[in-house]
Amino acid sequence: MTAALGSLLLGYDIGIISGAIIPIRDQLGLSHTQIEIMTSSLLFTSVIGSIIAGAVADMIGRRKGLLIASLIFGGGSIGMACSDSFEELLTWRCITGIAVGMGLVICPIFCAELSPRRMRGALTSFNELFINVGIPLAYLVGLLLRGSSRDDWRWMLGSGSIPALALFFATMFLPESPSWLLKHGQQDRARIVVENLVHPSESPNVRATTVKLTLQEMREDMKAHASMASWSEMLFTPDNRPALLVGVGFAAFQQLIGLDSLIFYSVYSLTHYGVSETTALQVTLVMGLLKLLFTIITTQLVDVSGIGRRWPLLVGAGGCVLGMFIMAIATSFPVSHLTSGVFVCGILLFVSAFGLGYGPMCWLILAEMFQGPFRSKGLSLGSLANRGSSFLVVSTYLSMVHAISLSNTFLVYMAVCVIAMAFSYWFIPELQGKKIGSDARLKLRKACCM
């Protein structure tokens, strides 16, 4: 669970910037283009963080990589709070983005490699869960701080250093990943970590057998493709192609459907349509809590026999299509109590459906697709596609709204939701209970050949 706290940093920044955009715009005199650049800059540099994260995690370990990410995020949050110009704010936000990208890659790897197979789905899904804990927490902080002083936005952005500090000290007490220890020849330390993962109520014979089988699986996973760990073979080996194409495509679609246009710009979008800022802040808090609730529900379902990964994913995908359609219809009419209510209902439906499906499933499925030597690189590529797609959405949303209206913007995203749902139906297999890497790869190959 502590490893997943890194994802809380991303969620907190997403939530806090949504409430801070309007006071930042008013005090620094930013145009909507500058707001787009400032908001999306974190996502752009998170791509850089994603690229280097796999190498950092493989070189110095998952634990040390997470410690570095938390320090960068904390320093960046304080730097943003002290900024007096657009240029300063942009610089510190870019630095913070590197930490976000690192956390998004390292946290799922860490969780997957520290989790027993029977609990892997739920524990790996904690990454999305903690993103969704961070979002409403930040929305609440923004709601409480808004109007407290002329520099309320500085307190909002600076508060991001608190969860970063908590992550740093919590990670200090985590063990290193047993898979990483095995890869670097530290057999005894790996055994101790695995022994601590077995439930203490198990008998000594069961514990010894479980430890032996778990370490054996890890060794097999590492040896299976030990000679194929280079980037060139990761990208061009036919045996890896199904996992690579499906994983990267799925990670990109998770953001291309337009979630971050709502999460980052929820207050801006609602006030642009005509809703008061206070009401908009309250709506975003409810939105964040619903997204968190449905993510919690999914973490309880993914390891239940007969439910697994596919059904929550496909039901959530359908809800996203419907939510975008409702928003497009509502905003095609002039603002009124009725249309505002329908607009809000569409937003809440969309984020709830995302929390049920795409949100937690993306990182869980990516973590299960790749074998040991490929997992860090596979998660790096997935995060690269995911952050790149998020950057595309966040850096163009306000321009689209000003160019073609709110309603037509949501229609565009609805079309992408339909394509993403079809992609998920045809190419995402059920991976519940399968060994990380090998079994998943066979299932993906079958799905891609259908």
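Quickly work out the Asn205-to-Asp239 label distance, labels modelled 7 Å from Cα along the C-beta direction, and quote it in nm with one decimal.
Calculated label separation equals 3.7 nm.
For segment 19-177, give the magnitude of the charge dipole about the Cα centre (Cβ charges: +1 Lys/Arg, -1 Asp/Glu; no others), in debye to the nearest 20.
Numbers: 11 positive and 11 negative charges, 110 e Å.
Here segment 19-177 has a charge dipole of around 520 debye.
In the chain, which longest range has no trypsin sites (Lys or Arg not before Pro) that are both DSSP loop (not H, G, I, E or B) and surrounded by at most 16 other Cβ atoms within 10 Å?
Here the longest run is 151-434.
Using only the Cα atoms of segment 49-90, what do you get for the radius of gyration and for Dmax, in Å?
When restricted to Cα atoms, segment 49-90 yields Rg and Dmax of 13.3, 38 Å.
Let me know the shape class of segment 23-77, please: from the alpha-carbon gyration tensor, a ≥ b ≥ c as square roots of the eigenvalues, rounded when a/c is under 1.5, otherwise prolate if a/b is greater than b/c, or oblate.
On the way: a/c = 6.77, a/b = 2.41, b/c = 2.80.
Since a/c reaches 1.5 but b/c is at least a/b, the shape of segment 23-77 is classed as oblate.
With +1 assigned to the C-beta of every Lys and Arg and -1 to the C-beta of every Asp and Glu, and no other charges, what is the dipole magnitude of the chain about the Cα centre in debye, to the nearest 20? Show your work: numbers first, answer last.
Details: 31 positive and 26 negative charges, 244 e Å.
Charge dipole, the chain, about its Cα centre: 1180 debye, nearest 20.
Along the positive direction of the dipole of the chain (beta-carbon charges: Lys, Arg +1; Asp, Glu -1; about the Cα centre), which of Thr271, Gly258, Val315 reaches farthest?
The residue sitting most towards the positive pole is Val315.
What accessible area per residue, rounded to a whole number of Å², is obtained for segment 285-394 using a probe radius of 1.4 Å?
Details: 3380 Å² over 110 residues.
Accessible area per residue, segment 285-394: 31 Å².
Is it possible to state the helix-based mean residue ellipticity at 222 nm for the chain, with each DSSP H run of 4+ residues giving -39500 (n - 2.57), the sum divided by total residues, to the nearest 500 deg cm²/dmol? What is it? It would help to have the intermediate numbers written out before the result.
On the way: 20 runs with 365 residues, N = 450.
After summing the helix terms and dividing by the residues of the chain, the value is -27500 deg cm²/dmol.
For the chain, with a Gaussian network of springs between Cα atoms less than 10 Å apart, report the residue from Thr339, Thr409, Thr96 with the top mean-square fluctuation.
Among Thr339, Thr409, Thr96, the largest mean-square fluctuation in the Gaussian network model of the chain belongs to Thr339.
What aspartates and glutamates does Lys212 reach when the alpha-carbon gap must be under 16 Å and sequence neighbours fewer than 8 apart in one chain are set aside?
Within the straight-line cut-off, Lys212 pairs with Glu113, Asp188, Glu195, Glu202, Glu220, Asp221.
Skip the ligands, DNA and RNA, and give the accessible area per residue of segment 1-121 with a 1.4 Å probe, whole Å².
Numbers: 3610 Å² over 121 residues.
For segment 1-121, the per-residue accessible area is 30 Å².
Placing one identical point scatterer on every Cα of segment 254-349 and ignoring solvent, what is log10 I(q)/I(0) from the Debye formula at q = 0.18 Å⁻¹?
-0.86
Which value, in Å² and to the nearest 10, is the accessible area of Asp188 when all protein chains are kept and the probe is 1.4 Å?
Accessible area of Asp188: about 120 Å².
Would you please report the Å³ per residue occupied by the convex hull of the alpha carbon atoms in segment 311-425?
Values: hull volume 10.6 nm³, N = 115.
Cα-based convex hull of segment 311-425, divided per residue, equals 92 Å³.
How large, in percent, is the carbon and sulfur part of the accessible surface of the chain at a probe radius of 1.4 Å?
Values: 11780 of 17070 Å².
Reported share for carbon and sulfur atoms: 69 percent.
Which chymotrypsin sites (Phe, Trp or Tyr not before Pro) from segment 164-206 combine a DSSP loop assignment with at most 16 other Cβ atoms within 10 Å?
Numbers: sites: Phe168, Phe169, Phe173, Trp180; in loops: Phe173.
When the chymotrypsin sites (Phe, Trp or Tyr not before Pro) of segment 164-206 are filtered for loop state and at most 16 Cβ neighbours within 10 Å, Phe173 remain.
Would you work out which of Phe325, Pro108, Leu5 lies farthest towards the positive end of the dipole of the chain, given +1 charges on the beta-carbon of Lys and Arg and -1 on that of Asp and Glu, about the Cα centre?
The residue sitting farthest along the positive end of the dipole is Pro108.
Which residue fluctuates most in the GNM of the chain (Cα springs below 10 Å): Leu181, Leu43, Leu313?
Maximum fluctuation in the GNM of the chain, among the listed residues, is at Leu181.
The values are calculated or read from the model by the stated rules, or taken from the named source; none is laboratory data. Everything numeric here is computed off the predicted structure, so don't read it as measured data. Every residue, glycine among them, receives a Cβ derived from its backbone with ideal geometry; neighbour counts consider all protein chains shown. For accessibility, only protein heavy atoms count, side chains too; no ligands or nucleic acids. Shrake-Rupley method; radii C 1.70, N 1.55, O 1.52, S 1.80 Å.
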